[in-house]
1. What's the ranking of 33-40, 60-67 by average number of surrounding C-beta atoms within 10 Å, highest first?
2. Output needed for the chain: three equivalent-ellipsoid semi-axes, defined as square roots of 5 times the C-alpha gyration tensor eigenvalues, in descending order, whole Å.
3. Using the Kirkwood radius over C-alpha pairs as Rh, can you work out the diffusion coefficient of region 64-150 via Stokes-Einstein at 10 °C, viscosity 1.306 mPa s, in µm² per second?
4. Mind giving me the FRET efficiency for ILE80 and SER41? R0 is 35 Å, r the Cβ-Cβ distance, nearest 0.05 is fine.
5. So, with a 1.4 angstrom probe, what is the percent of accessible area on the chain that is carbon and sulfur?
6. Regarding region 84-127, what's the average projected area of the Cα-atom convex hull, expressed in nm²?
7. In Å², what does the accessible area per residue of the chain work out to with a 1.4 Å probe?
8. Calculate I(q)/I(0) for region 48-95 by the Debye formula, one identical point scatterer on each C-alpha and no solvent, and give its log10 at q = 0.27, 0.32 Å⁻¹ to two decimals.
Amino acid sequence: MERPFAKDAPKDTLAALLTATHRDQLALCRSLEAIADSLPSHVDRAACLNAARALGPLISRAHDLEERLVFPAIEARHAISASIERLKYEHMEDVCFSEELHDALMAYGRGSPRPAPDAFGYMLRGFFEGLRRHIAFEQEIIVPLLEEDT
């Protein structure tokens with residue numbers, strides 16, 4: 001597996017990388033929300049396929065950055081290990097949820113609306129709302145700690 005982030009990235013670079021990753025994730029959230037809002041009868045199949053293709057790599061890249069670089073940098077200087085453990089647990093949940101969501105997005109993108117639109121909308125909203133909460137916490141707590149340490 002390719003490792004896109006240098007192990008010894010400066011902390012100010014980590015803050016910038018994390019913020020940029022958050023922007024990418026929030027853009028995906030907006031796309032997923034637009035799909036959810038289009039249900040049941042106006043689903044953009046291309047948007048579903050694009051979101052499905054972006055979902056796994058984006059989540060993987062974000063988790064790699066956080067778990068390999070950001071969290072160790074924070075834990076080395078701040079006593080917030082319980083919060084970091086919670087964020088890591090959320091990563092595991094996101095991976096499982098994103099795999100199911102990927103399959104549903106691909107099905108809708110291919111014209112096979114499974115699961116049912118109400119269930120699909122619930123899946124979409126559950127995923128992007130959870131991801132937005134995760135990002136909000138990191139923007140409020142983690143990014144300032146990274147910037148403080150520079």
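The values are calculated or read from the model by the stated rules, or taken from the named source; none is laboratory data. Quick caveat, the model's predicted, so the values are computed rather than measured. With ideal geometry, Cβ positions are generated from the backbone for all residues, glycine too; neighbour counts draw on all protein chains shown. Please note that ligands, DNA and RNA were not included when accessible areas were found on the heavy atoms of the full protein model with its side chains. Shrake-Rupley method; radii C 1.70, N 1.55, O 1.52, S 1.80 Å.
1. Answer by packing, highest mean first, reads 60-67, 33-40.
2. 32, 14, 13
3. 108
4. Efficiency for this residue pair is about 0.15.
5. About 54 percent, which is the carbon plus sulfur part of the accessible surface.
6. Mean projected area for region 84-127: 2.9 nm², to one decimal.
7. Heavy-atom SASA per residue in the chain reads 53 Å².
8. Those come out to -0.98, -1.15, one per q.
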